[in-house]
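Read the structure below first, then the notes.
The values are calculated or read from the model by the stated rules, or taken from the named source; none is laboratory data. From a predicted model like this one, the values you see are computed outputs, not experimental measurements. All Cβ positions, even for glycine, are placed from backbone atoms using ideal geometry, and neighbour counts span all protein chains on display. Accessible surface areas use protein heavy atoms only, side chains included; no ligands, DNA or RNA. Shrake-Rupley method; radii C 1.70, N 1.55, O 1.52, S 1.80 Å.
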Amino acid sequence: MAEDKHVKKYFENIPYGNDSKSSEIHGKHNQVVINKFVSSLVRKYDEAVLNKDKQMAGHFKDAIKKMSSQLDNLKNIKEEFAVNYGGGVGGKKLFSNYTDLSFSRAFFTEQGDIGFDKDLNPVLSIVGEGGEVVAKRIEDVTQDWVVKGTEEANFMKMQQDAQKQSNSSDQPLDFDVDWHTDTMLSNEDAWKSFVSDKIGGRYFLNDYVEENAEAIQSGQITDDMLHPDSFNPAFDNRLHSHYANRLKKSFDPDFQTESEARKADGLIAKNNKENNQA
Amino acid sequence: MANKNSSPAKFLSALFGGAGRRREQRAANEDFGNQMDAWEDTKMKNPYAGVKNPYANMENVYEDQTVDLKAAEFAKEQSQQSAANIMQNLKGAAGGSGVAGLAQVLANQGAQQAKGAAADIGRQEKANQARAMGESSRLQTMDREGEQKRDMLVREGDRMTEQFDLDKQSKMLDISQQRKMASDQAIDNANAQMDQFVTGAVTSGLGAAMSDIRLKENINKTGISKSGIPIYTFNYRGDDQVWSGTMAQDLLSMGRGDAVTTTSSGYYGVYYSMLDVDMVEKNK
């Protein structure tokens, strides 16, 4: 995607050195704003110290400390974003496709603005594609980030287990596919990655849309059942069925889901009819 | 702070501005990546796929479905395109939040899908499915014994192919996990540096620490740094918090004006990041 290229190019050529300050890594325009706030606070602190107003001096000192630590946090988040976006070792993108990165992509490539509210908490904002302003606090930036973990490895291990047992004995599987699938999907919200990322070479959502194209177009599958959140296995079993069936097929290549059995029956009936006519 | 371990100088070394280092790393990875791509594209064919049933000359009506992988692949691509079109149409027509969310995720997947046109295991499962359907109807019309022998050979070949794919997938996963671990280690290291770096003081990079002797009292010399800079304990006038640090006036007299700045209020400030002295809070 063009956005990906843009972000990677930005981090490849980022114009900040090892000694960059947390106030300057978001672009000149933001540095000016931050410096204005800080210099104003330092001036007030100096005045309070000279006037021996201990309480006021402490107040300004705390404000400067707070601003400093918040901007340090933001610097840390920018670093984390760069690593997850493929700036780390190996260049693999670690963000799940589930994550909507439109805000982070813009803000962390210096296309956003930093302002401060009345309590001197930073407010970050960008202008969206439709011209709307999207604002977030620092603690909200990472709230919806979904980073890929060991989901694919867990699934593949189970699939290989099933495959091996299929080859080596006439016994049933030595683990409960449904229970393990359930655990695998619900573990630390792993289902978000199972919905949207490539698992064992396949994308669930693509398969789902492909298999249900008619039902989607006819409105039989309603809009609220298409949102990625609607596949949360706590309330819905479509994701569970998909992965449990794949595991069952690894153990038994002849395993058929209900819809596949219906299709097979249809084909057999059609074949019989043609044979009878001949 | 100017502590060497927690200096900003180390802070972004893993990422920011490391363009040259990353280019070197990528060049090394590129060769590895090419080899991985070639390996990924390696396919094992079923050695028994061409075996025919010597006992029956009947046509397998499902042959195309089971062996025509190119057609299946093409159909899959077509269908993915059609899925994208469906989403686009629905998004434009209904504008529902569900479809919009789905389209967002599909769009995110788009870039990655272009890299791998067909999914090995997906194809394998689809072949299994088609074979299962074919099996049901063939049993009714073909000679059972001969077909069974033929089928067993084909299945054996399929299993070998499937095992090959799974082994390959497993090895690739191992490699990707090793990469992930290396990446995690790099993040841990960076975080450790960050932990040391975050001290919350005014000196953390926002500006220079106020180190003018005129603003301080209860000044006691406690030592000298390796580069000869005197170190003191003191508190700011009107504040009983005790600090350890240096004096801007000392630095000026030592010819270290490069580490001294004049603040907007006219008092001197010191860039501790340029010195081998820390400015640290002492216990009250």
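Some notes on this structure:
- Checking A:L267, A:L247 one by one, the residue that is of a type outside the set (G, A, S) and modelled with pLDDT of 85 or more is A:L247 and no other.
- Top-ranked residue in the range A:221-239 [being within 18 Å of the chain's Cα centre (by Cα) and more than 10 Å from every other protein chain (Cβ to nearest Cβ); ranked as least open to solvent (accessible area, probe 1.4 Å)]: A:L239
- Subset of the range A:4-20 that is open to solvent by 70 Å² or more (accessible area, probe 1.4 Å) and over 20 Å from A:F103 (Cβ atoms) - its residue that is farthest from the other protein chains (Cβ to nearest Cβ): A:P15
- Residue list for the range A:25-64, filter: touching a residue at least 60 places away in the same chain (Cβ under 8 Å) and more than 10 Å from chain B (Cβ to nearest Cβ): A:H26, A:G27, A:H29, A:N30, A:V33
- Against the list (1) surrounded by fewer than 18 Cβ atoms within 10 Å (Cβ to Cβ); (2) more than 8 Å from every other protein chain (Cβ to nearest Cβ), the condition A:N167 fails is (2).
- Within this structure, A:N271 fails the test of being surrounded by fewer than 19 Cβ atoms within 10 Å (Cβ to Cβ) and closer than 26 Å to A:D100 by Cβ.
- Subset of the range A:128-142 (residues that are out of contact with any helix residue (DSSP H, G or I) (no Cβ under 8 Å at 6 or more places or on another chain) and of a type outside the set (K, R)): A:G130, A:G131, A:E132, A:V133, A:A135, A:E139, A:D140
- Output for the range A:258-278, where each listed residue is more than 9 Å from chain B (Cβ to nearest Cβ) and of a type in the set (S, T, N, Q): A:S259, A:N276, A:Q277
- Scanning the range A:111-133 for residues that are hydrophobic (A, V, I, L, M, F, W, C) and over 23 Å from A:V7 (Cα atoms) yields A:F116, A:L120.
For every residue, the table says whether it meets (1) in contact with a helix residue (DSSP H, G or I) (Cβ under 6 Å, 6 or more places away or on another chain); (2) open to solvent by 30 Å² or more (accessible area, probe 1.4 Å).
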{"residue": "A:S96", "(1), (2)": "yes, no"}
{"residue": "A:I114", "(1), (2)": "yes, no"}
{"residue": "A:I126", "(1), (2)": "yes, no"}
{"residue": "A:D144", "(1), (2)": "no, yes"}
{"residue": "A:F155", "(1), (2)": "no, no"}
{"residue": "A:Q160", "(1), (2)": "yes, yes"}
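- Residue count, the range A:200-220 (criterion: open to solvent by less than 20 Å² (accessible area, probe 1.4 Å), more than 7 Å from every other protein chain (Cβ to nearest Cβ) and either touching a Ser or Thr at 6+ places or on another chain (Cβ under 9 Å) or assigned to a loop (DSSP other than H, G, I, E, B) (or both)): 1
- Every residue from the range B:188-244 that is modelled with pLDDT of 80 or more, within 17 Å of A:Y45 (Cα to Cα) and in contact with a helix residue (DSSP H, G or I) (Cβ under 8 Å, 6 or more places away or on another chain): B:I213
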